[in-house]
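Written out below as structure tokens is the structure these notes cover.
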Amino acid sequence: MIPTVKLSILMPVYNERATLLSAIKDVLNVNFPCEFELVIVDDGSTDGTRELYSSFSDDPRVTVLQHQRNRGKGAAIRTAASAATGDYVIMCDADLEYSPAEIPALLAPVLAGQAEVVYGTRTFGSHNAYSYAYVLGNKGVTTFANVLFNCYISDLETCFKLMPTTLYRGLDIRQTGFGMEAEVTGKLLRRGFRPYEVPISYKARSREAGKKLTWRDGAEALWILARQRVAPRSVSLPPFSAAGRMHGLEPPARALRQP
């Protein structure tokens, strides 16, 4: 175990009664190479999900916060990030589409000093994709970001985004829904960060099983990326290493504004 690094796993939850217990246990059973905590934010669940949290009330690694009404994934992550006590944060949904056992692989380049920001990149195939339209939409949004920012990332909408806690807070993410994924990536790219990518597995669930993304979320992501591309650089970054930055982009001068 590396005592100088602590990881905060941020888990937004909304009506996930069928998968929540398994998702939490999957996280707690991972042999992380550092200290970690799981910060759960229930975003106004109404399906009985809230009745399950008492099972982990005695586990010091788990913190549960609750929104009284549904405010969206971005809002839940914002609340979780504000409560996080770790040096790094990573998002992890409670729908079992991602495997927490692969999070240590994203930590590896950080611990080795090779990166500050790491994305888990999904590979889509007939055995794990929700639909062709969903995969095409993700590729379209990702390609749009690559063209706008003259970079090459493979999976903009991935949930597994790992970065320093102070960096995430400083990005000041305002999107309250799924648009937060595009806002996070757009702000990182505009500020000169090139995510280090690590391949991960993925198991998409169907609309019937609770898939919440729609084509409207894809359209919104395009608008958010375009807006970020032309936005002025009014906020700067903390003094991270150059490992995660894009070549040729100078960081702004002021310190990051905390939310």
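FYI, it's all coordinate maths here, none of it is from the lab. Here the structure is a predicted model, which means the values were calculated and not measured. As a convention, Cβ positions derive from the backbone with ideal geometry for all residues, glycine included, and neighbour counts pool all protein chains shown.
Ranking 124, 55, 94 by how far each Cα lies toward the positive end of the dipole of the stretch 2-233 (charges on Cβ) leaves 124 at the top.
Distance from the C-alpha centroid of the stretch 1-52 to that of the stretch 163-183: 19 Å, rounded to the whole angstrom.
Backbone geometry of the stretch 161-166 corresponds, through the Karplus equation with coefficients 6.51, -1.76 and 1.60 at θ = phi - 60°, to 3J(HN,Hα) couplings of 10, 10, 6, x, 4, 5 Hz, x marking Gly and Pro.
Rg over Rh for the stretch 37-152 works out to 1.00, using Cα positions for both radii and the Kirkwood form for Rh. Per-residue extension of 0.36 nm, minus the Cα-Cα distance of residue 22 and residue 59, leaves a gain of 11.8 nm for this segment. Of all aspartates and glutamates in the structure, the ones whose alpha carbon falls short of 18 Å from that of residue 25, not counting any fewer than 8 places away in one chain, are 16, 35, 37, 42, 51, 58, 59, 93, 95, 97, 102. So for the stretch 2-233: antiparallel DSSP bridges make up what percent, rounded to the nearest 5? In the stretch 2-233, approximately 15 percent of DSSP beta bridges are antiparallel ones. Using the Karplus relation 6.51 cos²θ - 1.76 cosθ + 1.60 with θ = phi - 60°, the per-residue 3J(HN,Hα) values for the stretch 94-101 come to 9, 9, 6, 6, 10, 9, x, 4 Hz, with x marking Gly and Pro. In this structure, the amide hydrogen of residue 34, modeled 1.01 Å from its nitrogen in the peptide plane, lies closer than 5 angstrom to those of 2, counting only residues at least 5 positions away or on a different chain.
Restricting the stretch 48-153 to trypsin sites (Lys or Arg not before Pro) that sit in a DSSP loop and have at most 16 other Cβ atoms within 10 Å of their own Cβ leaves 61, 69. Computed 3J(HN,Hα) for the stretch 34-50, one whole-Hz value per residue from the Karplus formula 6.51 cos²θ - 1.76 cosθ + 1.60 where θ = phi - 60°, is 8, 5, 8, 9, 10, 10, 9, 10, 7, 9, x, 4, 10, 9, x, 4, 5, glycine and proline marked x.
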